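Enquirer: Please read through the structure below; I'll follow up with questions.
The values are calculated or read from the model by the stated rules, or taken from the named source; none is laboratory data. Treat the numbers as computed from the prediction; the structure is a model and nothing was measured. In this analysis, Cβ positions are derived from the backbone assuming ideal geometry, glycine residues included, and neighbour counts consider all displayed protein chains.
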Amino acid sequence: MTNKQIRQKYGKYVLPNYSKTGIAFVRGSGSWLWDADGNKYLDFFPGWGVNGLGHCHPKVVSAIREQAGRLLHVANNYDHPWQADLAEKISKASFGGLVYFCNSGAEAIESAIKLARRWGNAEGRYEVIAMKNSFHGRTLAAVTATGQDKYHEGFAPLVDGFSHVPFNDLEAVRGAITAKTAAILVEPIQGEGGIHAATPEFMKGLRNLCDQRRLLLILDEVQTGMGRTGKMFCYQHYGIQPDVMTLAKSLGGGVPIGAMVADRKLNNVLVPGTHATTFGGGALVTRAGLAVFDVIRKGKLVQRAARMGDYLKKRLERMAGKYLVIHEIRGKGLMVGVELAHPGKEIVAECLKRKLLINCTQEKVLRIMPALTVTSSELDQGLEILEGVLAVT
Ligand SMILES: Cc1ncc(COP(=O)(O)O)c(C=O)c1O
């Protein structure tokens, strides 16, 4: 089938809830993708952050192949070694908490919200303070937590018990705390919101506030986690620890898996019967997650993300000196935003024509998040394409 034929079939049978490019991919390897018409693309936004190790990393693929022939899934009233092993890896790489597995970022957020509510329940505390301009997913509670009106439109009534305050404004958070507040929810770097990092003062201030007022600090690391920002988890840039952390996207190297990590003091909140998901922590996806951890450790990919991110930012800054359309370059590691003076939609479309995949968020912010395995020569190739596009738009 060609790109066009595949598109036509989508038109007939798939619910049209995504905006589309008309391109259908049929194969991927590292930072490269091939479409159904045989064109080759350089991918600087692989799977919206899912393919952190690039497409079809051979170690992840062989772990999945081996696991598929052994055991795919067992129900969660039984144990299996891979869930236990992956929980151990996540816990030891972060703050020593306990892990709950689910299947997506939104579900990880749902779990964190339910955990906070059950934790605060006896004292009548259930409110969550979230940030304006945030993004936490599309289930009803996650979308309510998301601090952007455009994602709320048409879904009223939303879930009770959420308020939104400006990001990086500690006084606003302090002012929003009520007797019913249970938790504060924040992305260490707002991704969909345009690559805005929390300031060190804000993160440290939130930690202190949570300690003083006995609130849970929930960090959403769905996009920033697993080495992306040059630390295994982004909070590690800030010298603080959350009470709860959410993960998904690149945790499975391409397969659907989400996780919530909760401090051990919360170990008796989500007891049997309170929360569950049938697929959560299945053998196949946790085995894939174990392979991801292994590849990151052996390839020193966290340090590599920091190094490659510096290279990428330096090259972009040089470009900013030449093209006035570039307003600002932001981000940490390989999570980079390029704020433009005008909307970036056409630039993304033109890059795609020239076989480079990037993203634009918040109208004017180009989002560049290459695989942690990207090489400097691949970065050069992609940036040459971007520069060529900036020169004519
Ligand atoms: C920070 C953050 N949280 C949550 C989500 C939702 O994840 P999912 O799309 O897997 O439900 C996303 C998705 O982009 C995200 O960036």
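Enquirer: If you go through the range 238-295 one residue at a time, how many are of a type in the set (S, T, N, Q) and within 19 Å of residue 56 (Cα to Cα)?
Expert: Number satisfying all stated conditions: 2.
Enquirer: Given the condition buried (at least 18 other Cβ atoms within 10 Å of the Cβ) and either more than 23 Å from the chain's Cα centre (by Cα) or at pLDDT below 95 (or both), answer yes or no: does some residue in the range 298-312 qualify?
Expert: Checked the range 298-312: no residue is buried (at least 18 other Cβ atoms within 10 Å of the Cβ) and either more than 23 Å from the chain's Cα centre (by Cα) or at pLDDT below 95 (or both).
Enquirer: Taking the residues in the range 27-55 that are aromatic (Phe, Trp, Tyr) and within 16 Å of the ligand (Cβ to nearest atom) as candidates, determine which candidate is nearest to the chain's Cα centre (by Cα).
Expert: 48
Enquirer: On to the next question. Write out, first by first residue and then by second, each pair whose Cβ atoms fall under 9 Å of each other, whose residues are 6+ apart or on separate chains, and whose first residue, in the range 122-143, is on the phi > 0 side of the Ramachandran plot and in a loop (DSSP other than H, G, I, E, B) while the second is within 16 Å of the ligand (Cβ to nearest atom) and hydroxyl-bearing (Ser, Thr, Tyr).
Expert: 137/104; 137/146
Enquirer: Quick one: residue 87 ticks every box in (1) within 16 Å of the ligand (Cβ to nearest atom); (2) surrounded by 17 or more Cβ atoms within 10 Å (Cβ to Cβ) bar one, so which box is it?
Expert: (1)
Enquirer: Given the options 391, 349, 371, name the one that is surrounded by fewer than 20 Cβ atoms within 10 Å (Cβ to Cβ), under 25 Å from the mean Cα position of the chain (by Cα) and at negative phi.
Expert: Step by step, each of 391, 349, 371 is checked, and only 349 is surrounded by fewer than 20 Cβ atoms within 10 Å (Cβ to Cβ), under 25 Å from the mean Cα position of the chain (by Cα) and at negative phi.
Enquirer: Residues that are over 14 Å from residue 367 (Cα atoms), outside the structural domain of residue 248 (by TED's automatic domain parsing) and modelled with pLDDT of 95 or more: does the range 263-274 have at least one?
Expert: Looking for residues that are over 14 Å from residue 367 (Cα atoms), outside the structural domain of residue 248 (by TED's automatic domain parsing) and modelled with pLDDT of 95 or more, one finds none in the range 263-274, hence no.
Enquirer: So which residues in the range 232-246 are part of a loop (DSSP other than H, G, I, E, B) and within 16 Å of the ligand (Cβ to nearest atom), if there are any at all?
Expert: Selection gives 233, 242.
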